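Structure first, then comments.
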């Protein structure tokens, strides 16, 4: 009997949260990003489906989004609101039960999670019924809509979610918010799709595979695993080969996610050209991240900075602290010291600071 996994993915989550508190925006092209001013520097965090129809997408500069969709409603990012909405969604999922059996919820981010059964699969269980119940549970509790992917492991469930998206164009999607993918369907559905369609393969990996003559999922599955191990490494090569076959585990781990670190970034409306201004901005960012790790109750063991120049060239530098600390002055000094390893004579458009924290076992 199959061990089912459900992948729950909120539709246009950030935009949907904004529309939930401003119902008059429903049906309009909505773009969320930066401070909500498309004439400023900033990028799109998310766009409603209506805005996506004009070619607006996440990561796009706000000014480009404005050119593509001049009638869009632009809103600033409100992280606290999205945190709160995400908590509502995950609580609604955890409150669900299948045949009186509590479910397990593995949170992947603000807007997505895996759901699994805590015990044996009930005889005759229809996973599509459960998927519909999960969608209803989220909608009833939060007013937000979601898509649910069904799979016999986590990889297939994750990929199946895309088939049920409102803007999906795929014959295996229901177009009603539910998609399904199993071992039996794997190659008929996925075989001719590009390797980028696999969860875990990004642009760079896809390019490396293409250099080996591997463009499709079927080609990845058919290649000799020894070749992949030789070209991509003894760990990652076999891993990508398994992805080609759709192989993954079906374990849903409800253990709360513990962040490794926290970071803050700032894009400046005017490039920084004075070293003193750069130093002040970097120290201010460091103090903000110290506040974030204080909320975690774990000191920092490593400091990193990110510098993006006017040309969009981006450099990162990091160092390990002499000992774990959350002393603001020590951390700000460490961040500033990393500037000595960067040529800051060029105009700077973005700075970032990241603090990696000690683990619970290291405290």
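For residue 213, are the conditions met, namely being more than 26 Å from residue 331 (Cβ to Cβ) and either modelled with pLDDT under 95 or loosely packed, with under 14 Cβ neighbours inside 10 Å (or both)? The answer is yes for residue 213. In the range 285-320, which residue that is touching a residue at least 60 places away in the same chain (Cβ under 8 Å) and in contact with a helix residue (DSSP H, G or I) (Cβ under 6 Å, 6 or more places away or on another chain) is surrounded by the fewest Cβ atoms within 10 Å (Cβ to Cβ)? Per the criteria, the residue is 290. The one condition from (1) out of contact with any helix residue (DSSP H, G or I) (no Cβ under 7 Å at 6 or more places or on another chain); (2) under 27 Å from residue 241 (Cβ atoms); (3) buried (at least 21 other Cβ atoms within 10 Å of the Cβ) that residue 108 does not meet is (3). The sole residue among 226, 276, 281 that is modelled with pLDDT of 95 or more, touching a strand residue (DSSP E or B) at 6+ places or on another chain (Cβ under 8 Å), assigned to a helix (DSSP H, G or I) and not assigned by TED's automatic domain parsing to the domain that holds residue 104 is 281. Restricting attention to the range 61-107, the residues that are in a strand (DSSP E or B) and touching a residue at least 24 places away in the same chain (Cβ under 8 Å) total 8. None of 9, 91 is within 13 Å of residue 144 (Cβ to Cβ) and touching a helix residue (DSSP H, G or I) at 6+ places or on another chain (Cβ under 6 Å) except 9. If only one of 234, 254, 259 is assigned to a loop (DSSP other than H, G, I, E, B), modelled with pLDDT of 95 or more and over 19 Å from residue 204 (Cα atoms), which one is it? 254 is the lone residue from the list that is assigned to a loop (DSSP other than H, G, I, E, B), modelled with pLDDT of 95 or more and over 19 Å from residue 204 (Cα atoms). Looking at (1) assigned by TED's automatic domain parsing to the domain that holds residue 154; (2) in contact (Cβ under 8 Å) with a residue 24 or more places away in the chain; (3) within 17 Å of the chain's Cα centre (by Cα), which one does residue 32 not meet, given that it meets all the others? It is condition (1) that residue 32 fails. Of the residues screened, residue 168 is not one that is outside the structural domain of residue 195 (by TED's automatic domain parsing), modelled with pLDDT of 95 or more and at negative phi.
From 302, 317, 298, grab the single residue that is in contact with a strand residue (DSSP E or B) (Cβ under 6 Å, 6 or more places away or on another chain) and assigned to a loop (DSSP other than H, G, I, E, B).
Step by step, each of 302, 317, 298 is checked, and only 298 is in contact with a strand residue (DSSP E or B) (Cβ under 6 Å, 6 or more places away or on another chain) and assigned to a loop (DSSP other than H, G, I, E, B).
If you go through the range 126-138 one residue at a time, do you hit one that is touching a helix residue (DSSP H, G or I) at 6+ places or on another chain (Cβ under 6 Å), at pLDDT 95 or above and under 23 Å from residue 101 (Cα atoms)? Yes, the conditions are met somewhere in the range 126-138.
Against the numbered list (1) at pLDDT 95 or above; (2) exposed (fewer than 15 other Cβ atoms within 10 Å of the Cβ), residue 59 comes up short only at (1). In the same structural domain as residue 161 (by TED's automatic domain parsing) and at pLDDT 95 or above: is that true of residue 71 in this structure? In short, no.
Check 187, 268 and return the single one that is more than 30 Å from residue 94 (Cα to Cα), touching a residue at least 24 places away in the same chain (Cβ under 8 Å), part of a helix (DSSP H, G or I) and touching a helix residue (DSSP H, G or I) at 6+ places or on another chain (Cβ under 8 Å). Step through it out loud before you land on a result.
Numbers: 268 fails: part of a helix (DSSP H, G or I).
Testing whether each residue is more than 30 Å from residue 94 (Cα to Cα), touching a residue at least 24 places away in the same chain (Cβ under 8 Å), part of a helix (DSSP H, G or I) and touching a helix residue (DSSP H, G or I) at 6+ places or on another chain (Cβ under 8 Å) leaves just 187.
Please tell me if residue 16 is within 22 Å of residue 308 (Cα to Cα), part of a helix (DSSP H, G or I), touching a strand residue (DSSP E or B) at 6+ places or on another chain (Cβ under 8 Å) and at pLDDT 95 or above. So residue 16 does not fit the description; no.
The values are calculated or read from the model by the stated rules, or taken from the named source; none is laboratory data. Just so you know, these numbers come straight off a predicted model, no measurement behind them. Because the Cβ atoms are built from the backbone with ideal geometry, glycine has one as well, and the counts that use them run over all protein chains shown.
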